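*Asks:* I have a structure I would like to understand better, so I am pasting it below and will then ask my questions one at a time.
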Amino acid sequence: MSGDVVMRKALLTAASILGLLATGAEAQTLRIAVGGAFTSMDPHYHTLTPNNAMNKHVFDRLVDTDENFRLRPGLAESWTAVNETTWEFKLRQGVTWHDGTPFTAEDVVATFARVPQVRNSPGSFVIYTRSVQRLEVVDDHTIRMHTAAPYPTLPNLMTGLAIISRGLPAAVDTAEFNSGRAAIGTGPYRLVSYSPGSQAIFARNPAFWGGAQPWERVDYRVIANDGSRIAALRAGDVDVIDAVPTRDVDALKTTQGLVIASQPALRNIFLNVDQSRDDAPGVTGPNGEKLAHSPLRDNRVREALSIAINRPAIVRQVMSGYATPSGQFLAAGVMGHDPQTTVPVFDAARAQALLAEAGYPQGFRVVLAGPNNRYVNDEQILQAVAQMWSRIGVRVDLQAMPSNVYFSRSARNEFPIGLSGWGTGTGEPDHPMVALIATQSAATGRGTSNRSLYSSAAFDALLDKALVTIDPPAREELYRQATRVAMADHAIIPLHHQVNIWASRNTVRIIARNDEETYAMSMFPVAK
């Protein structure tokens, strides 16, 4: 089937859904307001949690996860390691695309072919596909993925890759997904309309392979302002909100008709620090004078910036206790967490001494940038860090902006230091290590979100070994060694791990997830 035919069928489907919605019962509508702005309906455009969560209404993955990030079948019913370099996936039969076309192994092939072709991606999905050297279609419902070396977490990677239809043009553009013409999935909902960064309307897919969802219609909208999002919930304009500000949790808990759901998060909130460029933008001497070398290239300076941050104070005063101080990628209890890498101890006096030792006794000026509508209390975190750095003589030009603007500019390396957050797409630290810390390489697909421009041969060598080590305890030890190298270099400056918090009307039951994703499939009506 040609792409044009597929798109015409999608438009007809959307029109028919709109007609059904006009007569649908309002009680079957779920209204969700999220704080993080989604940037595209294209499931391969940007590895951003708000995008991934929204797109899951329409697009499925081969492998799914439960609320605790344990793997479970998706479009693949099972997966098996045929040998050290081959994984075989048995695909679910009887699945159809929203246009009625049967799902087959060729759709997986088409997906892998498209991912590296996506233009202007701020965060490429090649981190999920780069390890696969060759796809082998055994039959319509069996596909084998061949890797150059053992890749023990390949099924985990498949939880992050949305499968698209082979009926779409090979170079289908992001705009075609945003318009709805290419937004044809196998998922539990069909797209009715989409407004970038604003709202998406979904209608129940009665032919969904996992069984019809309880909600006939889902109104999924962005309300970035915390106060406005809470006000919408209190007024009954929405049924569910995410990213509940920690300062408002207690008040919402005691509000009649409202309930709270929470889950400790995988996400680490951290700072990228440009340690590669002498001419890093936004870095000057204390009086604004040009410097011959960026101070951020000196590890003593990066250490000073890290230990000048009072992480327990941020957790206590900014996060109201709904976070845990962090000194590495993943929290305690998660595979690969290193017990030897502890949370940096706040020591302003030593930070000042390190700056003087590095040749900056009077400090310097630096831009600190980040989003103001993406992470819990993100702008307040930036403000707290800026104040703490000012006490050691580092003058901060604070630039907080909407997340879509920030991530686009950050992808162009416009900021010397930036606030970000990252969890794990596999349940192991390989995901943040490959994306955030590994040396940038188009050939390997690594370092796609390495905004620190960090590069370490020692780290890369340990990661190389970890990624091909089948034995979990041995792999974990390699992760831990790699963590020690990166954190000693201050490749990033970790701040804390979030707690994910939702609030809803008591007519909705939420299954809280540790991956922070907010979608209708984790929400169920409560019988009155």
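*Asks:* Mind listing whichever residues of the range 39-84 are touching a helix residue (DSSP H, G or I) at 6+ places or on another chain (Cβ under 9 Å) and hydroxyl-bearing (Ser, Thr, Tyr)?
*Replies:* THR39, SER40, TYR45, THR47, THR65
*Asks:* Kindly check whether there is at least one residue in the range 301-318 that is over 30 Å from ASP248 (Cα atoms), of a type outside the set (Gly, Ala, Ser), modelled with pLDDT of 95 or more and touching an Asp or Glu at 6+ places or on another chain (Cβ under 9 Å).
*Replies:* yes
*Asks:* Consider ALA304 carefully, then state whether it is under 21 Å from VAL485 (Cβ atoms) and either in contact with a Leu (Cβ under 8 Å, 6 or more places away or on another chain) or in a helix (DSSP H, G or I) (or both).
*Replies:* yes
*Asks:* Also, I was wondering about something else. Condition first: under 13 Å from GLY363 (Cβ atoms) and in a loop (DSSP other than H, G, I, E, B). Now tell me which residues in the range 278-297 satisfy that.
*Replies:* The answer is GLY285, PRO286, ASN287, GLY288, GLU289, LEU291.
*Asks:* Next up: Within the range 260-277, identify whether any single residue is over 24 Å from the mean Cα position of the chain (by Cα) and within 30 Å of GLY359 (Cα to Cα), and answer yes or no.
*Replies:* Start the filter on the range 260-277 by keeping residues that are over 24 Å from the mean Cα position of the chain (by Cα), which leaves 276-277.
Still in the running and within 30 Å of GLY359 (Cα to Cα): 276-277.
Within the range 260-277 (the criterion being over 24 Å from the mean Cα position of the chain (by Cα) and within 30 Å of GLY359 (Cα to Cα)), the answer is yes, since at least one residue qualifies.
*Asks:* I would also like to ask the following. Please verify whether THR439 is in contact with a Phe, Trp or Tyr (Cβ under 9 Å, 6 or more places away or on another chain) and surrounded by fewer than 17 Cβ atoms within 10 Å (Cβ to Cβ), treating the condition exactly as stated. Can you show your working first?
*Replies:* On the way: in contact with a Phe, Trp or Tyr (Cβ under 9 Å, 6 or more places away or on another chain): yes; surrounded by fewer than 17 Cβ atoms within 10 Å (Cβ to Cβ): yes.
The answer is yes for THR439.
*Asks:* Check the range 404-425 and report whether any residue there is within 23 Å of ASP279 (Cα to Cα), free of Cβ contacts under 8 Å to residues at least 24 places away in the same chain and within 21 Å of the chain's Cα centre (by Cα).
*Replies:* Yes: the range 404-425 contains one or more residues that are within 23 Å of ASP279 (Cα to Cα), free of Cβ contacts under 8 Å to residues at least 24 places away in the same chain and within 21 Å of the chain's Cα centre (by Cα).
*Asks:* Within the range 180-211, restricting attention to residues that are free of Cβ contacts under 8 Å to residues at least 12 places away in the same chain and either in contact with a helix residue (DSSP H, G or I) (Cβ under 8 Å, 6 or more places away or on another chain) or farther than 22 Å from THR47 by Cβ (or both), which residue is surrounded by the fewest Cβ atoms within 10 Å (Cβ to Cβ)?
*Replies:* GLY211
*Asks:* Could you look through the range 439-452, keep only residues that are within 15 Å of LEU463 (Cα to Cα) and out of contact with any Ser or Thr (no Cβ under 8 Å at 6 or more places or on another chain), and pick out the one that is modelled with the highest pLDDT?
*Replies:* Out of the qualifying residues, it is SER441.
*Asks:* Does any residue of the range 327-336 turn out to be modelled with pLDDT of 95 or more and either within 30 Å of LEU478 (Cα to Cα) or part of a helix (DSSP H, G or I) (or both)?
*Replies:* Yes, the conditions are met somewhere in the range 327-336.
*Asks:* Out of the residues in the range 218-247 that are free of Cβ contacts under 8 Å to residues at least 24 places away in the same chain and under 22 Å from GLU379 (Cα atoms), which is surrounded by the fewest Cβ atoms within 10 Å (Cβ to Cβ)? I'd like the intermediate steps shown before the answer.
*Replies:* Going residue by residue through the range 218-247, those that are free of Cβ contacts under 8 Å to residues at least 24 places away in the same chain are 227-228, 231, 235.
In the following step, the residues that additionally are under 22 Å from GLU379 (Cα atoms) were identified as 227-228, 231.
Numbers: GLY227: 10, SER228: 14, ALA231: 14.
Result: GLY227.
*Asks:* Any chance the range 26-39 includes a residue that's at pLDDT below 95 and loosely packed, with under 13 Cβ neighbours inside 10 Å?
*Replies:* Checked against the condition, which is being at pLDDT below 95 and loosely packed, with under 13 Cβ neighbours inside 10 Å, the range 26-39 yields at least one hit.
*Asks:* Is it the case that some residue within the range 348-359 is assigned by TED's automatic domain parsing to the domain that holds GLN383 and closer than 30 Å to ASP430 by Cα? Give the steps one after another, and end with the answer.
*Replies:* Narrowing the range 348-359 to residues assigned by TED's automatic domain parsing to the domain that holds GLN383: 348-359.
Add one more test, that the residue is closer than 30 Å to ASP430 by Cα, and what stays is none.
No, the conditions are met nowhere in the range 348-359.
The values are calculated or read from the model by the stated rules, or taken from the named source; none is laboratory data. None of the values given here were measured: they were computed from a predicted structure. In this analysis, Cβ positions are derived from the backbone assuming ideal geometry, glycine residues included, and neighbour counts consider all displayed protein chains.
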